[in-house]
Amino acid sequence: MKIRTWLFCLLAALALPAAAQDAYPSKPVKILVPYGPGGATDIIARILAQRLTETLGQGFIVENRPGANGNLALEAAAKAPADGYTLLIGNVSTNTINENTFASQLTIKPSRDLVGIAKLVEIPHVIIANAAFAPGTLAELVAEAKKEPGRINYSSAGLGSYPHLDMEKFQRAAGIQLTHVPYKDGAGRMVPSLLANETSVAFINLATSLPHIRSGRLRALATTAPQRLPELPNVPTMAEAGFPGIGTNAWQGLFAPAGTPTPVVARLHGAVVAALSRPEQKEGLAKQMMSVEVSKSPQEFSELVRRETQAWGEFLREARIKIE
């Protein structure tokens, strides 16, 4: 009888971790956003948090943690307990570029210390100008920039962000020199700078900028999409404007600390698929210029992040771009 009791207790103890994981989440979950409110990363984080709250029955709470080009949120997420209760909405800048540009400053390595759960959406970008900026085409922008190198400025989501590096690629291809004005709070600060005529042009996502393009307060010069967009039929692509391959159709993704139990990661991935694959949700996001592109598995997403981390590293080394 004693042996049976002992065996029962042992089996029950061994089953506890699995049971605890099956019960996930049993308390509110924090989703860190590496920028201030208003940008695309914040927009998708809030939409996803609401849907996951509905799907999983616990509160998913967005916490904006801007600063240090997204590295504050990166490090906070990587150092959090690996239990699924602290997540991160990251993107190309934070989770592939920063590992290359801020290797000497980061106390963590994103590709090692964070695990990908799912790619969420992809967002086309656009070269945009404020309404007071005279050039109305990319060719006119290049011609104007060549007259007085450095006079025209551009905004970005911070040093080493893909709006910064995409503009570096464009400048090199066009043979021009612009002045960089980085904003640490992401795209949410870029738009006000353009509207206030603090900066003249920028690479920026259409989720953030399209309403201002439609209102006439900002002007689109070219998109990074492979074909002209139905929402902007009169705006050429970068390829049509003579600069093929320049510009990022950026993704946003969900991450957790490395070591998060596989069942928890799988449950989150399944919940993301269920949340974002609804026809009404996809349609709503499409209206905000976000294309739902949920990865088939956490492994597939992690492989994408690995490849892009390597590719951005190669570009930075070839271009000899260093972020101090």
Practice item. Kindly establish whether Thr96 is among the polar types (S, T, N, Q), crowded, with 22+ Cβ neighbours inside 10 Å and touching a Phe, Trp or Tyr at 6+ places or on another chain (Cβ under 6 Å). Key: yes
Exercise for review: Restricting attention to the range 252-267, report how many residues are surrounded by 16 or more Cβ atoms within 10 Å (Cβ to Cβ) and out of contact with any Leu (no Cβ under 7 Å at 6 or more places or on another chain).
Suggested key: 5
Check your understanding: Got at least one residue in the range 66-74 being in a strand (DSSP E or B) and either closer than 21 Å to Arg307 by Cβ or open to solvent by 20 Å² or more (accessible area, probe 1.4 Å) (or both)?
Key -> no
Check your understanding: How many residues, within the range 171-199, are among the polar types (S, T, N, Q) and either at positive phi or touching a Leu at 6+ places or on another chain (Cβ under 8 Å) (or both)?
Key -> 2
Study note, to complete from the structure: Glu231 vs (1) surrounded by fewer than 20 Cβ atoms within 10 Å (Cβ to Cβ); (2) farther than 26 Å from Arg306 by Cβ; (3) touching a residue at least 12 places away in the same chain (Cβ under 8 Å); (4) out of contact with any helix residue (DSSP H, G or I) (no Cβ under 7 Å at 6 or more places or on another chain): all pass except (4)
Practice item. Please find, within the range 122-178, the residue that is farthest from Ala225 (Cα to Cα) out of those that are among the polar types (S, T, N, Q), in contact with a strand residue (DSSP E or B) (Cβ under 7 Å, 6 or more places away or on another chain) and open to solvent by less than 50 Å² (accessible area, probe 1.4 Å). Key: Asn153
Study note, to complete from the structure: Here the qualifying pairs (Cβ atoms under 8 Å; residues six or more apart or on different chains; first in the range 279-294 and more than 12 Å from Ile44 (Cα to Cα); second among the acidic types (Asp, Glu) and open to solvent by 20 Å² or more (accessible area, probe 1.4 Å)) come out as Glu293/Glu122
**Study point:** Single residue of the range 180-233 satisfying the filter (of a type in the set (A, V, I, L, M) and part of a strand (DSSP E or B)) that is nearest to Arg46 (Cα to Cα)
**Key:** Ile204
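Go through the range 234-324 and tell me which helices (runs of 4 or more DSSP H), entirely inside it, have 1 or more residues that are modelled with pLDDT of 95 or more and over 30 Å from Thr137 (Cα atoms).
Fully inside the range 234-324 and qualifying: 262-276, 298-319.
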Review point. Taking the range 179-199 as the search range and keeping residues that are among the β-branched types (Val, Ile, Thr) and open to solvent by less than 30 Å² (accessible area, probe 1.4 Å), which one is farthest from Gly39 (Cα to Cα)?
Key: Thr199
Review point. Name the residues in the range 39-51 that are touching a residue at least 40 places away in the same chain (Cβ under 8 Å) and open to solvent by 40 Å² or more (accessible area, probe 1.4 Å), would you?
Key: Arg51
Review point. Considering the range 270-299 alone, what residues qualify as being open to solvent by 20 Å² or more (accessible area, probe 1.4 Å) and under 25 Å from Gly160 (Cα atoms)?
Key: Ser291, Glu293
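The values are calculated or read from the model by the stated rules, or taken from the named source; none is laboratory data. Computed from a prediction, not measured in an experiment: that's the story for all the values here. So basically every Cβ, Gly included, is an ideal-geometry build from the backbone, and we count neighbours across all protein chains shown. Surface areas here come from the heavy atoms of the whole protein model, side chains and all, with no ligands, DNA or RNA. Shrake-Rupley method; radii C 1.70, N 1.55, O 1.52, S 1.80 Å.
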